[in-house]
Amino acid sequence: MQDQLHTVIPHISKLQSFLGIHKIEQQVHQCQRYIDDLENDHRIKEFTIKMEENNEVEKIIKTLGSLGKLTVVKTDMDLKKETGVSREAQVESQEQLNINNMTINIEKKIKINIRKAISDMICLMDGRLIIVEWFDKVNQLTPDGKLLKKLPIPGEAFSVTQINQNTIAITYPSEKAIKIFNMENETVTEVITLDKQCFGLSSSDDSFVVGLDNDEIRIIDLEGNTLKSIQVECASYLYHLVYCNDRVIYSDWDGDAVYCVDQSGKQIWQYKQDLSGPRGLCTDTYGYIIVADEGSHRIIVISKDGKESKVLLSDGLEYPRCICLKQNEFSGFICDNYGENLSKFNLSSG
């Protein structure tokens, strides 16, 4: 794959090479997961085989000569893996991907007519959408944005994240709780109770990042045990955040800012340039942060170091509240704050 990459890149466009590298990374990731599984498989051993004669074959040995000794020594095998291809592909792609060349194209506008204020939206692994009404119901939509049904979860929902193929988690600020919901069985399988109002929610690596009130971001495991507590300053409640590469990015609607902190609580960067009520946000495969700036009716992309930005969309939107990307893809949806319109979009890099 590495040889093919170096051969192809000089002869294709930046967009084609960008998409090609993304596919290669996915393949490498699958191979790496396979190797990881092998490391945990006790059947993977290294064998040294030797032979030792016995009395029953003494006559044969005299005829054939000595066969030596046969012993079997079994030791655990340290299966080493090198993920340099993935790292190199990502570095090379980032060199080619310039934030100034990024564009967004609205493919389709869909009337959803939820007609209630929206607090959160995610795109599930299978392409379906989950849209949460502000302190109210949880809606499930088709990959094309058609309303399927309201999920039978009691309470006043706020934010949602996906744990695995069939399981989502939703915050319920009034109950100070996170509810784990199995979409296949349509049942709440677990309730995690917290000591503060919980708003924004994101998940990664078998853990949650949850925004508590306006001053704490807490990392917890799937059973609710606290792993880390990050103290932050935010002019508004911690409504929207994402957990990516051991960093938490969150928007401050009242403070007109987007912040990035590490797990120790150290602020890595802050972005306040021309923001007016930033709300929902998401990250793409390469760490760019895409923000729905509700007050200015714009979609803005910020580089992962917070130093660069670009307005991706400023026409045809009215109060964009939430934005999400399909998993490992460069397409997604924007939802307005009234729950009336859904815009399906595509991202490109040139």
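The values are calculated or read from the model by the stated rules, or taken from the named source; none is laboratory data. Since the model is a prediction, treat every value here as computed from it, not as a measurement. Please note: Cβ atoms are built from the backbone with ideal geometry, for glycine as well, and neighbour counts cover all protein chains shown. The area values use the complete protein model at the heavy-atom level, side chains included, leaving out ligands, DNA and RNA. Shrake-Rupley method; radii C 1.70, N 1.55, O 1.52, S 1.80 Å.
Figures for the structure shown
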{"read-out": "Potential lengthening between residue 222 and residue 346 on full extension [0.36 nm per residue; Cα-Cα distance subtracted]", "value": "41.4 nm"}
{"read-out": "Accessible solvent surface per residue of the range 232-299, calculated while the other protein chains remain in place, 1.4 angstrom probe, Å²", "value": "37 Å²"}
{"read-out": "Over 30 Å between alpha carbons, listed pairs 116/228; 179/326; 266/310; 150/176; 109/150", "value": "116/228"}
{"read-out": "Residue 218 - accessible surface, heavy atoms, 1.4 Å probe, Å² rounded to 10", "value": "30 Å²"}
{"read-out": "Projected label distance in nm at residue 150 and residue 115, using a 7 Å step from Cα toward the beta-carbon", "value": "1.3 nm"}
{"read-out": "Length released on extending from residue 184 to residue 142, taking residue separation times 0.36 nm less the Cα-Cα span", "value": "13.6 nm"}
{"read-out": "Shape box of the range 163-292 [Cα atoms, principal axes, largest first, Å]", "value": "45, 31, 26"}
{"read-out": "Extended-chain gain in nm, criterion 0.36 nm per residue less alpha-carbon gap, residue 338 and residue 326", "value": "2.1 nm"}
{"read-out": "Simple spin-label estimate for residue 195 and residue 231 in nanometres, 7 Å along Cα-Cβ", "value": "1.4 nm"}
{"read-out": "Kirkwood Rh in Å, taken over all unlike Cα pairs in the range 204-275", "value": "12.2 Å"}
{"read-out": "Volume of the Cα convex hull of the range 141-240, divided per residue and given in Å³", "value": "109 Å³"}
{"read-out": "Inter-probe distance in nm under a simple model that places probes 7 Å from Cα toward Cβ, at residue 246 and residue 103", "value": "3.8 nm"}
